[in-house]
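Below: one structure, written as structure tokens.
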Amino acid sequence: METEEIKLTTFSRGSGCGCKISPAILKNILKTNDDFPMPANLLVGNANNDDAAVMELENGQCLISTTDFFMPVVDNAYDFGRIASTNAISDVYAMGGKPVLAVAILGWPVDKLPAELAAQVIKGARFICRMAGIPLAGGHSVDSAEPFFGLAVNGLVNKKNLKRNNTAQPGDFLFITKPLGLGLITTAHKRGVVLEQDFNTALSYMCTVNKVGEVLATLSGVSALTDVTGFGLVGHLLEMCDSKRLSAQIDFNNIPLLPNLSFYLDKMIYPDMTMKNYAAYAVDCTTLNANQLFTLCDPQTSGGLMVAVSPDSVNEYLEVVRNFGLQGIADVCIGKFTPPADKVVVVS
């Protein structure tokens, strides 16, 4: 079989960040009664639902450490490597950091897929690492039942610029740097019904590194930062609201969406993870209509950053995102954080 004829998504049950374990199951997995003391310089660890671990070093610097991997979200091996790498590196940017080093994580069914395809995955990863200005310095591979790929990434951040996902304040405005709908488009791709232009648009976003996060971290008025991945906008927004410490009001009409999503929703094409997300979050969210549910709970693969900005820093924020060419998406306010309300996420 010629390698260009092989469709990677047919070799995996899930795809992209939709491979994530559902929020309800993950909560049970991570629950523990252990009271093992953590080092005092571990600023962000597994007690938090943040994007990466952070350890304070000397002279005000902090080490950011993260890993992310998943099964193929697209059929092309080179593109798969690019997307998975962009997604993994994003967690460093979501903490406000600068990535410095990556190593690869590769699972490959060597009896089903040729090694040449795995080489294309690595080639795509190297390209994205160059875009982020870091080396792909090694890694680990296993012979697995299904293909998967990702990176473990280290980054650095000055402690005063470290951004958390749960430090937003009442009155902060909410912005997002990429449109939603990536899960819908990649599901349509896996089912062989995606329109070429829609797929190319989604691919372009999934391969765009969230480098703007490193610059946004220097703004004191950016109160909180996270990226939107497998738990959808609602799931990651609930994390920003920090166990009901805050609520968030969302203006759905301002949410940036990929074009032509109704074409797929009319055909009932959406990721399985969408309904798992909704089942986990419905109790904390106002009633969603169909369009809101299938976009706000859509699992994003290599999605954008979600940014909480204090009212007096909005102009600074807008200047940064426009310098990155993100006007029309990242410069549109999609909501606001408020004191706690009956529902944590209020969608209108």
Checklist entry - Got a number for residues in region 165-191 being touching a Gly at 6+ places or on another chain (Cβ under 9 Å) and either open to solvent by 30 Å² or more (accessible area, probe 1.4 Å) or aliphatic (A, V, I, L, M) (or both)? => result 5
Checklist outcome for this item: Subset of region 46-79, residues open to solvent by 10 Å² or more (accessible area, probe 1.4 Å) and touching a His at 6+ places or on another chain (Cβ under 8 Å), comes to Asp75
Item to check | Subset tally (residues that are in a strand (DSSP E or B) and either among the polar types (S, T, N, Q) or exposed (fewer than 15 other Cβ atoms within 10 Å of the Cβ) (or both)) for region 298-317 | outcome: 0
Checklist outcome for this item: Checked region 94-135 for anything closer than 26 Å to Asn165 by Cβ and either open to solvent by 70 Å² or more (accessible area, probe 1.4 Å) or charged (D, E, K, R) (or both); matches are Lys98, Met131
Next on the checklist: So, in region 136-157, how many residues would count as being open to solvent by less than 70 Å² (accessible area, probe 1.4 Å), in a strand (DSSP E or B) and among the polar types (S, T, N, Q)?
Outcome noted: 1
Checklist entry - Hey, any hits in region 15-25 for a residue that's touching a Pro at 6+ places or on another chain (Cβ under 8 Å), among the hydroxyl-bearing types (Ser, Thr, Tyr), at pLDDT 75 or above and part of a loop (DSSP other than H, G, I, E, B)? => result no
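Conditions tested, residue by residue: (1) buried (at least 22 other Cβ atoms within 10 Å of the Cβ); (2) under 21 Å from the mean Cα position of the chain (by Cα); (3) at pLDDT 95 or above; (4) over 27 Å from Cys19 (Cα atoms).
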| site | (1), (2), (3), (4) |
| --- | --- |
| Tyr264 | yes, no, yes, no |
| Phe294 | yes, yes, yes, no |
| Glu319 | no, no, yes, yes |
| Ile329 | no, yes, yes, no |
| Phe337 | yes, yes, yes, yes |
Next on the checklist: Return the pair list, or none, for Cβ contacts closer than 6 Å from residues in region 128-143 that are under 15 Å from Asn87 (Cβ atoms) to residues that are open to solvent by less than 70 Å² (accessible area, probe 1.4 Å) and in a helix (DSSP H, G or I), at least 6 apart or on different chains.
Outcome noted: Ile128/Arg82; Ile128/Ser85; Ile128/Thr86; Ala132/Ile89; Leu136/Ala125; Leu136/Cys129
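Yes/no per residue for (1) in contact with a strand residue (DSSP E or B) (Cβ under 8 Å, 6 or more places away or on another chain); (2) assigned to a helix (DSSP H, G or I); (3) at positive phi:
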residue	(1), (2), (3)
Thr226	yes, no, no
Leu233	yes, yes, no
Asp242	no, no, yes
Ala248	yes, no, no
Tyr278	no, yes, no
Thr287	no, no, no
Asn291	no, yes, no
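The values are calculated or read from the model by the stated rules, or taken from the named source; none is laboratory data. Note that this is a predicted model, so its numbers are computed, not measured. We place every Cβ from the backbone using ideal geometry, glycine too, and count neighbours over all the protein chains shown. SASA here: full protein model, heavy atoms, side chains in, ligands and nucleic acids out. Shrake-Rupley method; radii C 1.70, N 1.55, O 1.52, S 1.80 Å.
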